[in-house]
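Read the figures in this text as sums done on the coordinates, not as results from a lab. As the structure is a prediction and not an experimental result, all values here were calculated from the model. A quick note on method: Cβ atoms are made from the backbone with ideal geometry, for glycine too, and the neighbour counts reach across all protein chains shown.
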Amino acid sequence: MRVGFAIGFGALLCAVQLIGGPAQVTWQPLYEPLLPLLFWALGLALGLAILGLLWRGRFAPVLLTAVLVAGAPGLVMDAEAAHRYPNGGAYAVTALPASRIEAARWVHDHSHPDDVVATNAHCLLPEKAGLCDARSFWLSAYTERSVLVEGWAFAPRVVGQPQGPWVPFWEPALLAANDAAFYEPTPDVLRALRARGVRWLVVDRDVRLESPDLAALAPLRFENSRMAVYSLPAP
């Protein structure tokens with residue numbers, strides 16, 4: 001009986017999760033992301049209370065079985081999300097075509113561990129009306145280098161903000177200086193970034209094309225169908 005109960009209970013939990021679809025989190029009020037967890041806990045508690053009344057003599061093994069099986073949907077949902085989004089599973093998913101990886105690994109292979117990289121790719125999705133989903137952090141992962149300004153959604157000062165990953169960058173002057181190196185480059189702009197330790201400029205041309213003036217100010221060291229890498233000479 002306990003085996004049948006475990007299989008049926010686990011299948012029911014998984015079916016509810018898969019049929020329910022992805023949750024739409026608006027973070028209003030701030031505790032909203034916790035509500036599904038609270039509702040599930042309440043529903044399971046009520047269900048187990050009913051089983052306790054029906055199976056008084058055998059409730060202890062049934063309760064233990066239910067507790068052990070309750071985590072089954074987590075495995076199923078992770079597998080389902082990983083199948084739908086092979087890069088990232090249930091977490092923030094960044095498109096990682098071979099062109100991005102190739103450019104990042106080139107920087108890794110041709111740079112010093114202390115080098116700093118600047119990029120024009122900050123947002124998970126194309127920026128619209130000043131809104132940036134700043135959960136993009138692929139460049140630092142694949143270059144294994146510090147990035148001047150990449151995605152900032154996971155910075156400690158941002159986590160827990162009402163706007164979630166759409167919170168603006170807290171130092172707009174630095175972000176403007178970073179982006180000016182790609183779109184409005186001048187010797188002074190590049191010199192200021194070099195003084196901050198920036199050695200490489202990585203351009204994602206699907207985000208936005210760099211200024212044609214950049215090639216006259218910084219050597220183009222690498223490019224493919226999507227990406228370009230410029231180097232900043234030592235001051």
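Below are the figures for this structure:
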| item | result |
| --- | --- |
| Extreme residue, positive dipole direction of segment 98-231, given options Trp152, Ala121, Ala103 (C-beta unit charges) | Trp152 |
| Beta bridges per DSSP with both ends in segment 98-231, % antiparallel, nearest 5 | 60 percent |
| Packing-based exposure ordering (other Cβ within 10 Å, fewest first) of Leu174, Leu38 | Leu38, Leu174 |
| Exposure proxy order (Cβ contacts within 10 Å, fewest to most) of Glu102, Glu184 | Glu184, Glu102 |
| Spin-label model distance (nm) - Ala192 vs Glu80, 7 Å beyond Cα toward Cβ | 4.9 nm |
| Paramagnetic reach from Arg221 (point 7 Å along Cα→Cβ, amide N under 20 Å) across segment 147-177 | 147-150 |
